[in-house]
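Enquirer: Have a look at this one.
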Amino acid sequence: DTGVSQNPRHKITKRGQNVTFRCDPISEHNRLYWYRQTLGQGPEFLTYFQNEAQLEKSRLLSDRFSAERPKGSFSTLEIQRTEQGDSAMYLCASSLTDEAFFGQGTRLTVV
Amino acid sequence: GENVEQHPSTLSVQEGDSAVIKCTYSDSASNYFPWYKQELGKRPQLIIDIRSNVGEKKDQRIAVTLNKTAKHFSLHITETQPEDSAVYFCAAIWGAQKLVFGQGTRLTINP
């Protein structure tokens, strides 16, 4: 499969726990994006990388959220001390030029 | 700040009729405008895009028009079919790299 891959597909966690998601972009795509999507809403920008450099992080993102792309390939998104409001679909996308291709997402449920 | 407004939020048309979804954007420097289709439980899929150097682009039954002066662009679907039922998102490039999405339009094709 040469598309964007995200793992896990689903995650249920208790409030206060930490979670980490992984995104493997399409090979050679230098841009990688993280978005959050709640039911009935459009993807909300969280952060993005150009190679290994994190170029922008949403002002809406609290300090509990951190993302890395250590070698400019896969990326991880960590949420510390999860809250019920963090429940959402977390989408990753990658691009080489402007066309961005999405992964299937990780659905997080905080109970 | 960056903003993409999308209308309507829901749209219902008879099979065979046309559907039009409109978006406006706030960053006059935006030069890339994609449209995504998202079916229930699936990832957003790029269906068509347009760059600022053209005013219209067509791909079979779908077309996109762009008015840079007014900062709005539209998706047109002709001869709608039941499989066109989905949520459609417009987006615009912000700051030359960040992709910002509209709120989405739920399109229902009635047989």
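Enquirer: Quick one: if you stick a label point 7 Å off each Cα along the C-beta vector at A:GLN84 and A:LYS71, how many nm between them?
Expert: 4.1
Enquirer: Amide H of A:ARG64 versus every other amide H placed in the peptide plane: which residues, excluding those fewer than 5 positions away on the same chain, fall under 5 Å?
Expert: none
Enquirer: Rounded to the nearest 5, what % of the DSSP beta bridges within chain B are antiparallel ones?
Expert: Bridges in chain B are about 90 percent antiparallel.
Enquirer: Which one of A:ARG59, A:ARG31, A:ARG69 has the biggest mean-square fluctuation once chain A is modelled by GNM with Cα springs under 10 Å?
Expert: Answer for the Gaussian network model of chain A: A:ARG59.
Enquirer: Using the Cβ atoms and a cut-off under 13 Å, what net charge is assigned to the surroundings of B:ASP84, where Lys and Arg are +1 and Asp and Glu are -1?
Expert: Result for the local shell: -2.
Enquirer: Of A:LYS57/B:LYS42; A:LYS11/A:LYS71; A:LYS71/B:LYS71; B:LYS22/B:LYS42; A:LYS11/B:LYS71, which pairs sit farther than 28 Å apart, going by alpha carbon to alpha carbon? Display every interim value, and only then the final one.
Expert: On the way: A:LYS57/B:LYS42 25 Å; A:LYS11/A:LYS71 25 Å; A:LYS71/B:LYS71 38 Å; B:LYS22/B:LYS42 23 Å; A:LYS11/B:LYS71 40 Å.
Pairs exceeding 28 Å: A:LYS71/B:LYS71; A:LYS11/B:LYS71.
Enquirer: Go through segment A:15-60 and name the GluC sites (Glu not before Pro) that are in a DSSP coil and have 14 or fewer other Cβ atoms within 10 Å of their Cβ.
Expert: A:GLU28, A:GLU52
Enquirer: Which whole-number percent is the relative contact order of segment B:1-66 (Cα, under 8 Å, 6+ apart)?
Expert: Working: 80 pairs, mean separation 14.3, N = 66.
After rounding, I find 22 percent.
Enquirer: Also, I was wondering about something else. Output the antiparallel fraction of DSSP beta bridges having both residues in the protein assembly as shown, as a percent to the nearest 5.
Expert: 90
Enquirer: Using a Cα-Cα cut-off of under 14 Å, which aspartates and glutamates could be cross-linked to A:LYS14, ignoring same-chain neighbours fewer than 8 residues away?
Expert: Answer for A:LYS14, where 14 Å is the Cα cut-off: A:GLU83, A:ASP86, listed by chain and number.
Enquirer: Here is a further query. Distance from the Cα centre of segment A:29-46 to that of segment B:1-33, in angstrom?
Expert: That distance is 18 Å.
Enquirer: On average over all directions, what projected area in square nanometres does chain B have, based on the convex hull of its Cα atoms?
Expert: Its average projected convex-hull area is 6.6 nm².
Enquirer: Excluding ligands, DNA and RNA, what is the accessible area buried between chains A and B, summed over both sides, using a 1.4 Å probe, to the nearest 100 Å²? Mind showing how you got there, number by number?
Expert: On the way: alone 6600 and 6290 Å², together 11110 Å².
Interface between A and B: roughly 1800 Å².
Enquirer: Name the chymotrypsin sites (Phe, Trp or Tyr not before Pro) in segment B:59-111 that are in a loop by DSSP and that have at most 11 other C-beta atoms within 10 Å, would you? All intermediate terms of the calculation are to be shown ahead of the outcome.
Expert: On the way: sites: B:PHE73, B:TYR88, B:PHE89, B:TRP94, B:PHE101; in loops: none.
Loop-located and lightly packed - none at all.
Enquirer: Working from the pairwise distances between different alpha carbons, so that the mean of 1/r is found and then inverted, what is segment A:1-83's Kirkwood radius in Å?
Expert: Here the Kirkwood hydrodynamic radius works out to 13.5 Å.
Enquirer: Relative contact order for chain B using alpha-carbon pairs under 8 Å, separation at least 6, rounded to a whole percent?
Expert: 38
Enquirer: With r defined as the distance between the Cβ atoms of B:HIS7 and A:GLU56 and R0 fixed at 25 Å, what FRET efficiency is calculated, to the nearest 0.05?
Expert: 0.40
Enquirer: Can you tell me the equivalent ellipsoid semi-axes for the protein assembly as shown? Use √(5λ) from the Cα gyration tensor, largest first, whole Å.
Expert: Working through the eigenvalues yields semi-axes of 30, 20, 16 Å.
Enquirer: What nm distance separates the two modelled labels at A:ASP63 and B:LEU46, each placed 7 Å from Cα along Cα→Cβ?
Expert: According to this spin-label approximation, the distance is 3.7 nm.
Enquirer: In a shell of Cβ-Cβ distance under 12 Å around B:PHE73, excluding B:PHE73 itself, what net charge do Lys and Arg (+1) and Asp and Glu (-1) give? Write down the numbers at each step before the final one.
Expert: On the way: positive: B:LYS22, B:ARG51, B:LYS57, B:LYS68, B:LYS71; negative: B:GLU5, B:ASP49, B:GLU56.
Local charge sum for B:PHE73: +2.
The values are calculated or read from the model by the stated rules, or taken from the named source; none is laboratory data. These numbers come from a predicted model, not from an experiment. Because the Cβ atoms are built from the backbone with ideal geometry, glycine has one as well, and the counts that use them run over all protein chains shown. For the accessible areas, the whole protein counts, side chains as well, though only heavy atoms, and no ligand, DNA or RNA atoms are used. Shrake-Rupley method; radii C 1.70, N 1.55, O 1.52, S 1.80 Å.
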